Amino acid sequence: MAIILEKGQRINLEKSNGSRLTEFCVGCNWGAIVSSGFLGLGKSVTDVDLDLSCVMVNDKGDLVDHIYSPLYRRDFLSRYGMPPGKLDSRESALHHSGDDLKGDQNGNDDLDNEIITVNLNKISPDVNQIFFFLNNVGREDFSQIPYASIRMYEGTPTRVKEVFASYDVAAEKQYAGMRALIMGKLYRRNGEWKFSAIGDAYPDANLCETIRRIVTKYV
Ligand SMILES: [Ca+2]
Ligand SMILES: [Ca+2]
């Protein structure tokens, strides 16, 4: 049974058979906004561009690595002192499937639109926290998006073998006006990786504001 994560919950990465989760996917599934046309005729689809990203932090609280979309403009990022986007971590322990700009167009396909694959065994020894977060690049806030959920699962980006934990994001009143969600963090404690579900939403205008928030408030 998958764990339904609740805000503030901390979990061990231990599976029901007692083995530890070391290779898994963190994925986000979401839908475009579909509205029926006049008198129910036709329909219009508004694309929803969410971005799943992560930043890695060392034991001094310094940012040491990141994964976010390479489509972010370099001049925009450099205004915040952030390096260009990339899809792989330094040691290839984490890999992003690529920036989905639209969301599901034909209803929920139960597959994640953006996925970060994680191999805990390959993570650099200097990284001891990895924060996962979502930014909404479009105009809509989370509460207008028909569904958005984040989950950790074993399998591949195209085949879900076993869901370990999941977290529902959208369609909640508390997310009205919110454009960023700090989902949670993987953290190393006494040599073992654990996961803490943070689940805090913010009206951040862009991902650089969210990264700055993480570094100043969450590290
Ligand atoms: Ca995206
Ligand atoms: Ca999907």
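Being β-branched (Val, Ile, Thr) and under 15 Å from LEU207 (Cβ atoms) holds for only one residue in VAL55, VAL118, and it is VAL55. Scanning region 114-154 for residues that are away from ligand 1 (no atom under 16 Å from the Cβ), small (Gly, Ala, Ser) and either within 20 Å of ILE211 (Cα to Cα) or at pLDDT 90 or above (or both) yields one hit, SER124. Count of region 1-48 residues, restricted to those that are of a type outside the set (Val, Ile, Thr) and outside any loop (DSSP other than H, G, I, E, B), is 19. Here ASP100, ASP62 are screened, and the one residue that is modelled with pLDDT of 95 or more and touching an Asp or Glu at 6+ places or on another chain (Cβ under 7 Å) is ASP100.
Taking (1) within 16 Å of ligand 1 (Cβ to nearest atom); (2) within 17 Å of LYS102 (Cα to Cα); (3) of a type in the set (Lys, Arg) in turn, ARG73 satisfies each apart from (2). Note on region 153-219: enclosed strands (runs of 3 or more DSSP E) holding 1 or more residues that are surrounded by fewer than 16 Cβ atoms within 10 Å (Cβ to Cβ) and either among the β-branched types (Val, Ile, Thr) or under 15 Å from the mean Cα position of the chain (by Cα) (or both) are 159-168. Hey, does region 8-16 have a residue that's polar (S, T, N, Q) and surrounded by fewer than 11 Cβ atoms within 10 Å (Cβ to Cβ)? Within region 8-16 (the criterion being polar (S, T, N, Q) and surrounded by fewer than 11 Cβ atoms within 10 Å (Cβ to Cβ)), the answer is yes, since at least one residue qualifies. Only residues that are among the charged types (D, E, K, R) and either crowded, with 20+ Cβ neighbours inside 10 Å or closer than 20 Å to PHE164 by Cβ (or both) were counted in region 17-48, giving 2. Given the criteria in a strand (DSSP E or B), under 20 Å from PHE131 (Cβ atoms) and in contact (Cβ under 8 Å) with a residue 60 or more places away in the chain, does ASP51 qualify? Against the criterion (in a strand (DSSP E or B), under 20 Å from PHE131 (Cβ atoms) and in contact (Cβ under 8 Å) with a residue 60 or more places away in the chain), ASP51 qualifies.
The values are calculated or read from the model by the stated rules, or taken from the named source; none is laboratory data. This one's a predicted model, so the numbers in the text were calculated from it and none came from an experiment. Cβ: placed from backbone, ideal geometry, glycine included. Neighbour counts: every protein chain shown.
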